[in-house]
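One structure is given below, encoded as C-alpha cells.
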Amino acid sequence: MEMLTTSSVLVRPLPPKSTKTPFSLVTTKLTLSTHALGKRTVQEAVQLDAPKEERRKHGDLVLYSIAPYPVILASKLLPGADVVQSIFGPFVDLVKTWNLPDWLIHWGHPGNMAVVLFAMGGYGTYLGFRIRLSKDPEEKAKAKDLHPKLLAGMFFFFALGATGGITALLTSDKPIFESPHAVSGAIGLGLLTIQSILPALFEDNPGLRTVHGLLGSSIMTIFLFHLAFGLQLGLSF
C-alpha cells in the first residue's frame, strides 16, 4: 500500500533586484514511500514572480487563472447587444411574469442544447463518416438519407436555442454578448450556414466533399468548446 506525503510549499519573497522572468525555481520536497521501493525525494516547485503589492506572506499559496474573455472579445465580434435587448425586451418582460423556477430558466437552455449537440450533431457526424468510409451500399444509402436531415435539424434547433439562451440571460439580468459562449455560438452558426451550402456544389466540384467533412468535424469541435464555455457561464452566476 502506497502512502504519499508532501511537505509544505515554501513561497519565498524574491530579492529586490530580480529579473522580470515570469517564473523562477524554488525547492520543495515530495517524499514517496512504498514497501517495494524505499524512499525517494523529488525536488520541484515553481514560484510566481509577482509585483511587490501582490506578494503574499510566507507560507501562503496564491492561485492564478487566465480568463479567455479579453482575448476573444478584443475585436468586438458581436456588436448590437442594445438592439437585440430592445427586440427581446417585451418577451423577456412577459417571461418574468410567468414566475418560472430559477433552475429552469438557468439550466433549461443548456440542457436542451446538450441533447441536440450529442443526439443530432454527434450521430449526424457519425453518419457523415459512414457515407465516406462504409463499403456497404445499403448502409451508405441510409446514411446519405438521414445525415442531412439530422444536421439540418441541429442547425434549426441551435438557431432557435440561441434565442432561448438570450432570453434566459436577459431574464436573469445578465449581459448577452460578453462571453466566449456567445462568440463561439455565433462562429458555429456561421460555419454551419456555410456547411449547409456545400452539398449543393458537390456535383460540380467533388473535392468539396473532403472540405465538407473536415469543416463538419471542426464545427463539432467548436461546439464542444461552446458547451464548455456555456457550463462556465452557467456556473458563474
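Structure above, values below:
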| quantity | calculated |
| --- | --- |
| Selection count, segment 110-136, where residues are within 30 Å of residue 85 (Cβ to Cβ) and surrounded by 15 or more Cβ atoms within 10 Å (Cβ to Cβ) | 7 |
| Filtered residue count, segment 228-237, keeping only those that are surrounded by 17 or more Cβ atoms within 10 Å (Cβ to Cβ) and among the hydrophobic types (A, V, I, L, M, F, W, C) | 2 |
| Residues located in segment 190-227, provided they are farther than 26 Å from residue 170 by Cα, within 20 Å of the chain's Cα centre (by Cα) and open to solvent by 80 Å² or more (accessible area, probe 1.4 Å) | 214 |
| Candidates 107, 103, filtered to the one that is open to solvent by 60 Å² or more (accessible area, probe 1.4 Å), out of contact with any strand residue (DSSP E or B) (no Cβ under 8 Å at 6 or more places or on another chain), in contact (Cβ under 8 Å) with a residue 12 or more places away in the chain and in a helix (DSSP H, G or I) | 107 |
| Test: residue in segment 137-155 that is in contact with a Phe, Trp or Tyr (Cβ under 8 Å, 6 or more places away or on another chain), open to solvent by less than 40 Å² (accessible area, probe 1.4 Å) and part of a helix (DSSP H, G or I) | yes |
| Selection from segment 173-189 of residues that are open to solvent by less than 40 Å² (accessible area, probe 1.4 Å) and of a type outside the set (A, V, I, L, M) | 179, 180, 181, 184, 185, 188 |
| Residue list for segment 187-228, restricted to those being over 18 Å from residue 154 (Cα atoms) and touching a residue at least 60 places away in the same chain (Cβ under 8 Å) | 209 |
| Failed condition for residue 91, given (1) closer than 23 Å to residue 236 by Cβ; (2) modelled with pLDDT under 95 | (1) |
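The values are calculated or read from the model by the stated rules, or taken from the named source; none is laboratory data. These numbers come from a predicted model, not from an experiment. All Cβ positions, glycine included, derive from the backbone under ideal geometry; neighbour counts span all protein chains shown. Note: accessible area is taken over every heavy atom of the protein model, side chains too, but ligands, DNA and RNA are not part of it. Shrake-Rupley method; radii C 1.70, N 1.55, O 1.52, S 1.80 Å.
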